[in-house]
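Enquirer: Before I ask anything, let me first share the structure, which is written out below as C-alpha cells.
The values are calculated or read from the model by the stated rules, or taken from the named source; none is laboratory data. All values reported here derive from a predicted model rather than from experimental measurement. Cβ: placed from backbone, ideal geometry, glycine included. Neighbour counts: every protein chain shown. Note: areas computed on protein heavy atoms with side chains; ligands, DNA, RNA excluded. Shrake-Rupley method; radii C 1.70, N 1.55, O 1.52, S 1.80 Å.
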Protein chains: 12
Amino acid sequence: MTDRTYRVTEIVGTSPEGVEPAIRNGIRRAAQTLRHLDWFEVGEVRGRIVDGEVAHFQVTLRIGFRLEDT
Amino acid sequence: MTDRTYRVTEIVGTSPEGVEPAIRNGIRRAAQTLRHLDWFEVGEVRGRIVDGEVAHFQVTLRIGFRLEDT
Amino acid sequence: MTDRTYRVTEIVGTSPEGVEPAIRNGIRRAAQTLRHLDWFEVGEVRGRIVDGEVAHFQVTLRIGFRLEDT
Amino acid sequence: MTDRTYRVTEIVGTSPEGVEPAIRNGIRRAAQTLRHLDWFEVGEVRGRIVDGEVAHFQVTLRIGFRLEDT
Amino acid sequence: MTDRTYRVTEIVGTSPEGVEPAIRNGIRRAAQTLRHLDWFEVGEVRGRIVDGEVAHFQVTLRIGFRLEDT
Amino acid sequence: MTDRTYRVTEIVGTSPEGVEPAIRNGIRRAAQTLRHLDWFEVGEVRGRIVDGEVAHFQVTLRIGFRLEDT
Amino acid sequence: MTDRTYRVTEIVGTSPEGVEPAIRNGIRRAAQTLRHLDWFEVGEVRGRIVDGEVAHFQVTLRIGFRLEDT
Amino acid sequence: MTDRTYRVTEIVGTSPEGVEPAIRNGIRRAAQTLRHLDWFEVGEVRGRIVDGEVAHFQVTLRIGFRLEDT
Amino acid sequence: MTDRTYRVTEIVGTSPEGVEPAIRNGIRRAAQTLRHLDWFEVGEVRGRIVDGEVAHFQVTLRIGFRLEDT
Amino acid sequence: MTDRTYRVTEIVGTSPEGVEPAIRNGIRRAAQTLRHLDWFEVGEVRGRIVDGEVAHFQVTLRIGFRLEDT
Amino acid sequence: MTDRTYRVTEIVGTSPEGVEPAIRNGIRRAAQTLRHLDWFEVGEVRGRIVDGEVAHFQVTLRIGFRLEDT
Amino acid sequence: MTDRTYRVTEIVGTSPEGVEPAIRNGIRRAAQTLRHLDWFEVGEVRGRIVDGEVAHFQVTLRIGFRLEDT
C-alpha cells in the first residue's frame, strides 16, 4: 500500500437551527464536489443576530479528504 | 452613510439543556439592555457536573452591536 | 476547611448523534471510575465522515475533579 | 498617588479607505462617550468584499482607559 | 430558578508592590461600580521599569459578574 | 432560501508599497478565478528587507466566498 | 543509562492567600501520591470573588514526574 | 515585474518511517497537481499507534505556491 | 456497538539521537502500562545542550487510548 | 555553500503617522547596527491615545538577519 | 523629537522564594548590561521541584528598552 | 549560590537534509559566539521547495543560555 496523502479544505456551514445542522449542511455541500471525505474539525462558531434572536449559525469546518493516487 | 462603529461585549449564557439553549439565553438577556445586536462568536464552552451528570452548560459569547451616531 | 486540590483529566467522548451526546457520554464514562467530578471544558470538536455524512462526533473534554484529603 | 485602575473596552472601527482610518474612526467614536482613553491594541483585521474589491475594512480594537477615583 | 447570565468585563489593576496587590486593587475598584462579582481570570502581567527596578505591576483581569433578572 | 455554504481560501498578496496595497492585490487576483467573494481576514504580515529597507510586504489573507448551489 | 520518560499531570492548587501558596499547596498534594516530581508549569490563574474581595486563588499546574523503569 | 500572489494549500503527508519522509511524501504528491510550489510550513504532527508502536506519522503541511498571471 | 470513550495522557519521551527516537521511546514506555493506545500528537519539542551540542531531545506527546467498557 | 544560520531580533518601531511608517522606522534603526537584514514579521500593533486621538503607533517586529560565517 | 525605537530582549529570572523575586532578579541582572529599560511582560512561569517542594521559580520575561539615537 | 539569570536568543538553523541537522547546525553556530548554552525549544518548522522537492529545512529555535555574574 502506498503512503496516503490528504488535503484539508475549509468550509463555513450555516443553519438557522443550530450548530450541528450547520455542520451537517457544510459537509453535505462539500460532499457534492469532493470525494473520499474522511474527517472534520470544528473551528470558529459564530452567528448573525436579528431582532435580538439568533438568525443563523455559521460554523467553520476544516474537512480532510484523501487524494487519489495519480 | 457615515462609517459605523461596533462594540463587543462578553456574556456567559447558561442552560441545563445544552450549548444552543445557553447561547440563545445569553443573547436574549443581552438584548434586554443593548440595542442593534448584530453578531456573536462562541468562545469557551464549559459546564458544571453534579452527581456524574452535566448540571448546566456555560457558553462564553462575544456579542457585537452597532453604536448609534452621537 | 483545608485548601482543596483538583485534578484535570482529558477524555474524548463520542456519539453518532451530536456534540452534546458526545459530551454526556464522555462524562458518564469518566464518572464510572472517578469521584467528585466538578466541571468540564470543551476542547477540540472533531468527527469522522463516512459516505459524505457525519458518522460520529468526537469531543475532547478536560474534566476537573476534587482530590480527597489523604 | 493612589494605584490607578484601567478598563479595557472592545470596539470595531470601520472605513472604506484602509486600516488606519478604521482605527482612527473607532477611537474617535469611543472618545465621544469615554474619558481618559490611554492606549489601544489592534486585534483582528477583516473586511467585506463587494464586486471583487474591498468595500470596507473592519478593525477590532481593545481600548484602555483610566477609571476615575470614586 | 431561571438560567443565569453573566457578563465579563476587563480591568487592569496596578500596584508597585506585586502581582497580588495589583489583582486585589483591580477587583476592589471594580466592586465599587459593579455588583455580584463572581470570578476573575488573570490575563497579561506586565510592568513599568524605572531606573532598573520595577516601578509598578499591571495585571489584566477578566472579571465575571452575574446580571440581575430584568 | 436554502442554507448557504462558504469556502475559505488562503492567499498571500504582495506589494512594495504597503499593507493595504498587498491586501487589494491579493483580493483582485483571487477575484479573477473565484466568484462571490464575500469577506477577508488578515493573517500574518511579513516582508522582505533589501539593503536595510522594506522591499515588499507579504500579507496572508483568508478569503471567504459563497459556493453556488449545485 | 536508559532514556528517561516523564509523565505530565494537571492539578489545580488553591489558596485564599495568593498565587504562590496555591502553587505550593497543589504540588504538596501531588507529592502525596506521585513520586519523582521534577518540574511544574503555571497555566491559568483564576479565582473566586466573594463580597468584592478575592476569596481564593485557583492555579492550574502542569506537573512533570519521571516514570520508573519497569 | 508585477506583484506576485501566492496561494496556500493544506496537505497531510503520511509515512510509516518518520516525520521527514511524511513531509517529503506530502510535497511530492502536491507537486503532481500544483505548479510553482515555493515553501512549506509544518503544522500538526500526529500519528497512529498499533500494538504499542508508531504505525505511521501524519504531518499537516501548509504549502505555498505562486499563482500564474492571468 | 456502544459509543467509545478515549483518554488522553501526556508523556515526555527523550533520546540523545533525535526527535523520532524520542517519540518511539515515549510511546513504548506508555505501552508498558496502558492498553489500547490509539494515536499520538506531538506538542513541544525541546532539548538540553551540553558543551555546545544537543545532549538529548525531549518531545511532549499527547497519547490517546480507548477506555474499556466497565 | 555552507548551511546558513539566521538570528531573529525583536524591535518596536514607532511613528505618529501610521503602521507602515512605524515598520519602516524600526527597520531603518535596526539596519544601523545589524547587517544582512533579510525579513520581518509584524507582531503586536498598539498605540498611545492623547486627547481622544492616536498620538503614535507602536509596531512590534521580529527581524531576521543572516549570521556571517565565523 | 525623533521617533523612538525599542528593542525587546528575553530573560529568565529565577528565585527560590517566588514569582516576584524571580521577576525582580531578572530585571536587575538585565539592568547591569542594558540601559533605558522601559517595560516588561511576564511569559511562562515554571519551576523545579525537589523532594516534593518548589526548589526555585523560573519566570520568562520580555524586557523592552529604548535604543539610543545613533 | 546566587540566583541565576538566563537569556533566550532566537536562531533559525537550516539544512538540506532534515529537521535534526537544521537544529544541530543552528546550535553549533550559536555556540561559536555564546557561552553556557543550556537548552533549546523548537518553534516554527518551515522549508523552501525547488522543483517539487524540499530544498532546505528552516527550524526556528529559542536557545537559553546562562548569564555570567557581573
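Enquirer: Given the conditions (1) within 18 Å of residue H:58 (Cβ to Cβ); (2) part of a strand (DSSP E or B); (3) open to solvent by 40 Å² or more (accessible area, probe 1.4 Å), report the number of the one that residue A:69 does not fulfil.
Expert: Looking at each condition in turn, residue A:69 falls short on (2).
Enquirer: Given the conditions (1) open to solvent by 20 Å² or more (accessible area, probe 1.4 Å); (2) closer than 28 Å to residue H:36 by Cα, and given that residue L:12 satisfies all but one, which numbered condition is not satisfied?
Expert: Just one mismatch for residue L:12, condition (1).
Enquirer: While we're looking at this one, here's another question. Pick out the one residue from L:24, L:35, L:46, L:62 that is open to solvent by 40 Å² or more (accessible area, probe 1.4 Å), basic (Lys, Arg) and in a strand (DSSP E or B).
Expert: L:62
Enquirer: Restricting attention to region J:18-68, which residues are aromatic (Phe, Trp, Tyr) and under 24 Å from residue D:29 (Cβ atoms)?
Expert: Result: J:57, single match.
Enquirer: Being over 10 Å from the mean Cα position of the chain (by Cα), within 24 Å of residue F:50 (Cβ to Cβ) and among the hydrophobic types (A, V, I, L, M, F, W, C) is the filter here, so list the residues in region J:30-70 that pass it.
Expert: J:34, J:37, J:45, J:57, J:65, J:67
Enquirer: Can you tell me how many residues in region E:29-46 are within 7 Å of chain G (Cβ to nearest Cβ) and more than 16 Å from residue G:18 (Cα to Cα)?
Expert: Qualifying residue count, region E:29-46: 3.
Enquirer: Any residue at all in region C:54-68 that is in contact with a helix residue (DSSP H, G or I) (Cβ under 9 Å, 6 or more places away or on another chain), away from chain A (no Cβ under 11 Å) and over 20 Å from residue I:66 (Cα atoms)?
Expert: Among the residues of region C:54-68, at least one is in contact with a helix residue (DSSP H, G or I) (Cβ under 9 Å, 6 or more places away or on another chain), away from chain A (no Cβ under 11 Å) and over 20 Å from residue I:66 (Cα atoms), which makes the answer yes.
Enquirer: If you don't mind, another one. Within region L:4-13, does at least one residue satisfy the condition of being within 23 Å of residue K:7 (Cβ to Cβ), within 14 Å of chain H (Cβ to nearest Cβ) and not in a helix (DSSP H, G or I)?
Expert: Yes, there is a match, as at least one residue in region L:4-13 is within 23 Å of residue K:7 (Cβ to Cβ), within 14 Å of chain H (Cβ to nearest Cβ) and not in a helix (DSSP H, G or I).
Enquirer: Sticking with this structure for a sec: Output the residues belonging to region A:49-59 that are open to solvent by 20 Å² or more (accessible area, probe 1.4 Å) and part of a strand (DSSP E or B).
Expert: A:50, A:53, A:55, A:56, A:58
Enquirer: Between a first residue in region E:47-60 that is more than 11 Å from residue K:40 (Cα to Cα) and a second residue that is of a type in the set (Asp, Glu) and open to solvent by 40 Å² or more (accessible area, probe 1.4 Å), which pairs have beta carbons less than 7 Å apart while being 6 or more apart in sequence or on different chains?
Expert: From region E:47-60, the pairs are E:60/E:44.
Enquirer: Looking at region D:14-28 only, could you name the residues that are within 10 Å of chain J (Cβ to nearest Cβ) and among the polar types (S, T, N, Q)?
Expert: none
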